[in-house]
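First the structure, in the form of structure tokens, and then the observations on it.
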Amino acid sequence: MTSPEHSLAREISARLAQVHSRIAAACTQGGRAADSVHLLAVSKTQPADAVRAAFAAGHRAFGENYVQEALDKIAALGELRAQLQWHLIGPLQSNKTRPVAEAFDWVHSVDRLKIAQRLAEQRPPGLPPLQLCLQVNVSGEASKSGLAPAEVPEVARAVAALPRVRLRGLMSIPAPAQGFEALRAPHRALRELLTALNAQGLALDTLSMGMSDDLEAAVAEGATMVRVGTAVFGARA
Ligand SMILES: *Cc1c(COP(=O)(O)O)cnc(C)c1O
């Protein structure tokens with residue numbers, strides 16, 4: 001009775017339950033409602049069977065980094081398409097926007113206006129609006145993609161005005177740090193940026209921040225979507 005699929009399903013189901021209880025504990029700690037934080041299971045480098053196992057455990061929202069790998073996986077899981085939500089969280093080049101506009105539900109990694117314009121042009125009219133976040137380089141690392149915080153207001157206003165896409169909020173991947181306070185600081189900066197945009201008339205509801213190692217710090221600063229790979233699926237190969 002212990003086929004490989006069953007043990008994978010059991011393992012992923014147990015890991016999902018652990019991550020949900022970490023999120024719930026962080027919400028309690030911060031006086032937040034447990035359902036105010038959504039879990040995005042980051043399935044990059046994981047096979048379609050791992051996504052199937054998470055689906056069997058009741059999970060529906062998955063994050064992918066690499067466009068071609070994601071397109072292959074979305075196709076392999078085609079019979080589940082209507083029940084799954086696919087989020088692109090990795091870098092997006094302008095020559096790859098068309099298949100992304102056609103296949104995904106969300107893109108978290110919009111880092112320039114041109115990308116959003118192309119996604120808007122290429123989103124098929126029969127689909128719901130593509131949900132977008134702007135990626136912000138909160139730590140100011142030269143090596144990281146993302147808009148500088150000072151660039152965000154102008155780009156956000158322009159993206160919010162595009163058809164066929166809906167700007168939902170901001171995403172970041174902070175530099176590694178040690179200690180709870182140091183982990184919180186960049187998440188706080190992203191929250192403050194979102195608050196400032198909403199004070200200028202935007203209506204953004206999404207802070208995509210926090211991963212396996214810092215989700216508690218992100219929830220403490222107002223994350224509404226945590227992107228968790230390793231803690232859900234185990235170590236990547
Ligand atoms: C890989 C990745 C994650 C998940 O990282 P883990 O540490 O495995 O939880 C989240 N966000 C982005 C953008 C990633 O590339």
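Considering only residues that are open to solvent by 40 Å² or more (accessible area, probe 1.4 Å) and in a loop (DSSP other than H, G, I, E, B), look in segment 166-176 and name the one that is modelled with the highest pLDDT. Spell out how you get there, then give the answer.
Restricting attention to segment 166-176, the residues satisfying the condition of being open to solvent by 40 Å² or more (accessible area, probe 1.4 Å) are 166, 168, 173, 176.
So of that shortlist, the ones also in a loop (DSSP other than H, G, I, E, B) come out as 173, 176.
Numbers: I173: 96, P176: 92.
Of everything passing the filter in segment 166-176, I173 is modelled with the highest pLDDT.
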Output the number of the condition that A182 fails; it satisfies all remaining conditions of (1) open to solvent by 40 Å² or more (accessible area, probe 1.4 Å); (2) in a helix (DSSP H, G or I); (3) closer than 21 Å to Q93 by Cβ. (3)
Within segment 23-45, tally of residues that are at pLDDT 95 or above and either in contact with a strand residue (DSSP E or B) (Cβ under 9 Å, 6 or more places away or on another chain) or small (G, A, S) (or both): 16
Do you know which residues across segment 208-237 are open to solvent by less than 30 Å² (accessible area, probe 1.4 Å), more than 21 Å from N137 (Cα to Cα) and of a type in the set (G, A, S)? A231, G234
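Could you please find all residues in segment 69-79 being open to solvent by less than 20 Å² (accessible area, probe 1.4 Å) and closer than 14 Å to D49 by Cβ? Please lay out each step first, then the result.
Narrowing segment 69-79 to residues open to solvent by less than 20 Å² (accessible area, probe 1.4 Å): 70, 73-74, 77.
If the condition is that a residue be open to solvent by less than 20 Å² (accessible area, probe 1.4 Å) and closer than 14 Å to D49 by Cβ, then K73, L77 are the ones that fit.
Restricting to segment 210-225, count the residues that are near the ligand (Cβ under 9 Å from one of its atoms) and not small (G, A, S).
Filtering segment 210-225 for residues near the ligand (Cβ under 9 Å from one of its atoms) gives 210-215.
If we keep only those that are not small (G, A, S) too, we end up with 211, 213-215.
Qualifying residue count for the region: 4.
In segment 102-121, which residues are touching a strand residue (DSSP E or B) at 6+ places or on another chain (Cβ under 6 Å) and either within 11 Å of V67 (Cβ to Cβ) or away from the ligand (no atom under 14 Å from the Cβ) (or both)?
Residues of segment 102-121 touching a strand residue (DSSP E or B) at 6+ places or on another chain (Cβ under 6 Å): 104-111, 116, 119-120.
Within segment 102-121, F104, D105, V107, S109, A116, L119, A120 qualify.
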Considering (1) without any contact (Cβ under 8 Å) to a residue 60 or more places away in the chain; (2) within 9 Å of the ligand (Cβ to nearest atom), say which one V228 fails and leave the rest. (1)
All conditions in (1) more than 16 Å from the ligand (Cβ to nearest atom); (2) touching a Pro at 6+ places or on another chain (Cβ under 7 Å) are true of S139 except (1)
Answer yes or no: is there a residue in segment 180-195 that is among the aromatic types (F, W, Y), modelled with pLDDT of 95 or more and within 9 Å of the ligand (Cβ to nearest atom). no
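So that you can scan it fast, the table gives a plain yes or no per residue for (1) within 13 Å of the ligand (Cβ to nearest atom); (2) open to solvent by 40 Å² or more (accessible area, probe 1.4 Å); (3) at positive phi:
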residue	(1), (2), (3)
S143	no, yes, no
A148	no, yes, no
V152	no, no, no
R164	no, yes, yes
D205	no, yes, no
Do we have any residue at all in segment 47-61 that's in contact with a His (Cβ under 8 Å, 6 or more places away or on another chain) and within 15 Å of the ligand (Cβ to nearest atom)? yes
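Restricting attention to segment 186-203, report how many residues are open to solvent by less than 70 Å² (accessible area, probe 1.4 Å) and either touching a Cys at 6+ places or on another chain (Cβ under 7 Å) or not in a loop (DSSP other than H, G, I, E, B) (or both). Spell out how you get there, then give the answer.
From segment 186-203, those open to solvent by less than 70 Å² (accessible area, probe 1.4 Å) are 186-187, 189-190, 193-194, 196-198, 201-202; that's our starting set.
Within this subset, residues satisfying the condition of being either touching a Cys at 6+ places or on another chain (Cβ under 7 Å) or not in a loop (DSSP other than H, G, I, E, B) (or both) are 186-187, 189-190, 193-194, 196-198.
Within segment 186-203, residues that are open to solvent by less than 70 Å² (accessible area, probe 1.4 Å) and either touching a Cys at 6+ places or on another chain (Cβ under 7 Å) or not in a loop (DSSP other than H, G, I, E, B) (or both) number 9.
The values are calculated or read from the model by the stated rules, or taken from the named source; none is laboratory data. Keep in mind that what you see is a predicted model, and the values were worked out from it rather than measured. Cβ sites come from the backbone with ideal geometry, for glycine too, and all protein chains shown count toward neighbours. Each accessible area value is taken on the protein alone, full model and side chains, heavy atoms only, with ligands, DNA and RNA left out. Shrake-Rupley method; radii C 1.70, N 1.55, O 1.52, S 1.80 Å.
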